[in-house]
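Structure record follows, encoded as structure tokens.
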Amino acid sequence: KLDGRGTFRFFEPEMDVRMQTRRRLELDMRQALARREFVLHYQPQLNLANQSLTGCEALLRWKHPERGTIPPAEFIPLAEEVGLIVPIGEWVVRQACRDAALWPSSVTVAVNVSPAQFKSGRLVEMIVSALAASGLPASRLELEITEGVLLQNNEHTLETLHRLRTLGVRVSMDDFGTGYSSLSYLRSFPFDKIKIDRSFVKDLATAPDGDAIIRAIAGLGRSLGMTTVAEGVETEEQMRRIRAEGCTDVQGYLISRPVPLEELMRLLPQTPQDRLSMPGAAR
Ligand code: C2E
Ligand code: MG
Ligand code: MG
Ligand code: MG
């Protein structure tokens, strides 16, 4: 300790600022739920076969009173580290189910779930309760998990996934292709949907084998009976190629950015019957 003292002092001011900023953010985050500073935005997914809007992904935003809107990349990792992702994630599920209960019955809602929520030991209970409270059928809720969840690869995680599946909840593999062993995860659980990571879509323009990779994943999905969604579709050209390579669905700025609920309600399909149960859409 004494030896390192010079070095420690050298880094001190900078470290201090960073630690203080982090600590401040953590304290703010502890209050944010009670202060209702979190909001969900929704990004639609489009089915390529019939051009219909099949589902929406809930994406969390933090309306910080001083710092404005903070994107998830800037606070979710900290929330995971300090355990706050469990209560925040519960709020996300409950809010998403409540919102989706107002949508046409053909539209599902997808929620991102962190590893810590699986470890909490009460994910299934919480989801059962959220579905009951909102009246949303389990089949309209989809959970998006990344390799982080399966990395824990313990009995508990798989058992939880199977219990959720038994309830009728759908499970998607998010950011497919970016992990260390995405392929082997497909073997560990029968996912409903593969979400092809945005980086592969981006590569379509530049990488010589870009199309071949998308085609291979789409084929894999088809063989396994899984839907394949291309993430981050921004241009007509990407859309054209993705369709040609056989993906079933697309999500991206070309279709719509993630939007607040009121805005989403205007994008949703309407039937006379749906309109009755969709007060927001009547406007
Ligand atoms: P993700 O689940 O892979 O979500 C997709 C991200 O890609 C979103 O970023 C979305 O806004 C962005 N995106 C969609 N289409 C396009 C496009 O065409 N171009 C570009 N450049 N980006 C596009 P966002 O909302 O910033 O979320 C980032 C990540 O934060 C999510 O990645 C997810 O891992 C995490 N996240 C978001 N909400 C939650 C949540 O409620 N709980 C948990 N645990 N994680 C969340
Ligand atoms: Mg996701
Ligand atoms: Mg993703
Ligand atoms: Mg991601």
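No lab work stands behind these numbers, since they all come straight from the coordinates. All of these numbers come straight from a predicted model, not from anything done at the bench. Backbone-built Cβ (ideal geometry, glycine too); neighbour counts: all protein chains shown.
Key figures for this structure:
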{"quantity": "Neighbour-count order for T69, T54, T248, fewest beta carbons within 10 angstrom listed first", "calculated": "T69, T54, T248"}
{"quantity": "Among P77, P104, P208: highest mean-square fluctuation, GNM of the chain, C-alpha pairs under 10 Å", "calculated": "P208"}
{"quantity": "Most mobile listed residue (D175, D16, D197) in the chain, GNM with C-alpha springs under 10 Å", "calculated": "D16"}
{"quantity": "Counted charge near S182, where neighbours are those whose Cβ lies closer than 13 Å (Asp, Glu -1; Lys, Arg +1)", "calculated": "-2"}
{"quantity": "For region 225-256 versus region 22-57, the gap between their alpha-carbon centres in whole angstrom", "calculated": "21"}
{"quantity": "Straight-distance crosslink candidates among aspartates and glutamates, where the alpha carbon sits under 19 Å from K63 and sequence neighbours closer than 8 are dropped", "calculated": "E26, D28, E37, E74, E80, E90, D99, E262, E263"}
{"quantity": "Per DSSP, loop chymotrypsin sites (Phe, Trp or Tyr not before Pro) in region 89-197 with at most 15 further Cβ within 10 Å", "calculated": "Y180"}
{"quantity": "Linear extension gain, T69 paired with T21, 0.36 nm per residue minus alpha-carbon span", "calculated": "15.6 nm"}
